[in-house]
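Quick note: the coordinates plus some simple rules give every number you see, no bench work behind them. Remember, predicted model here, so these are calculated numbers, not experimental data. Because the Cβ atoms are built from the backbone with ideal geometry, glycine has one as well, and the counts that use them run over all protein chains shown.
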Amino acid sequence: MVSLVLAAGIIVTPTAAAQCGEPDASAARQVLSGISAARENAGLPALKTNPRLTRVASRHARRMAISGSIWHDNLAAWANGRAVAQNVAYGASGNEAFDAMWNSTPHRTAMMSRRYRIVGVGAARSCGGEIMVAVDLMAPAPR
């Protein structure tokens with residue numbers, strides 16, 4: 001950590017605010033790992049990560065981190081009629097955010113649904129230091 005000394009002798013130390021909205025790829029991997037392990041343990045098909053969905057989730061996580069609050073985004077606007085779901089959560093780490101989602105029946109149901117086969121996960125650090133997470137799930141395109 002870097003501290004700055006002002007001319008008056010006051011020491012100023014940068015806070016977590018300097019990291020507002022900073023992406024946290026490690027936290028996103030923790031969440032994806034938790035989802036993958038839970039699905040594997042239940043005998044469900046693995047989710048395929050999608051770069052576009054990951055960008056959408058990452059952008060949403062960053063916006064939540066900067067604002068300091070969580071909300072759902074409108075995925076249906078670009079899903080081309082496919083079924084979509086979004087989980088949002090926060091915690092001190094990606095694992096803690098995953099646990100929060102896992103302990104919520106609607107969130108767990110979405111993560112464990114056979115309907116969804118595609119996933120994007122984004123995580124970013126809020127001004128207060130929490131990890132804000134967005135998990136975007138999508139059904140495959142109709143054949």
Could you compute the FRET efficiency for residue 40 and residue 127, with r as their C-beta to C-beta distance and R0 at 35 Å, rounded to 0.05? 0.50
Packing-based ranking, highest mean first, of 99-105, 75-81 given that Cβ atoms within 10 Å are counted: 99-105, 75-81
Non-local residues with an amide H under 5 Å from the amide H of residue 89, with H modelled 1.01 Å from N and Pro and chain starts lacking one, are 133
To two decimal places, what compactness ratio does region 27-84 give when its Cα radius of gyration is scaled by 2.2 N^0.38 Å? 1.30
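Please work out the FRET efficiency for the pair residue 22 and residue 92, using the Cβ-Cβ distance as r and a Förster radius of 22 Å; give the result to the nearest 0.05. If you can, show how the numbers build up before the last one.
Numbers: r = 15 Å, r/R0 = 0.69.
After rounding, the FRET efficiency stands at 0.90.
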Sequence order, region 46-62: Karplus ³J(HN,Hα) from phi using 6.51 cos²θ - 1.76 cosθ + 1.60, θ = phi - 60°, Hz rounded, Gly and Pro as x, gives 5, 7, 9, 6, 10, x, 5, 5, 5, 5, 4, 5, 5, 5, 5, 4, 5
Calculate how many DSSP beta bridges within the chain are antiparallel, expressed in % of all such bridges and rounded to the nearest 5. 90 percent
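Hey, what did the chain get for relative contact order, percent, Cα under 8 Å, at least 6 apart?
Numbers: 297 pairs, mean separation 50.9, N = 143.
Taking the mean separation of contacting Cα pairs over the length of the chain, I get 36 percent.
What per residue convex hull volume, in Å³, comes out for the chain when only alpha-carbon positions are used? Write down the numbers at each step before the final one.
Details: hull volume 16.0 nm³, N = 143.
In the chain, the Cα hull volume divided by residue count equals 112 Å³.
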P(r), alpha carbons of region 76-137 - 10 Å bins starting at zero, rounded %: 22, 49, 25, 4
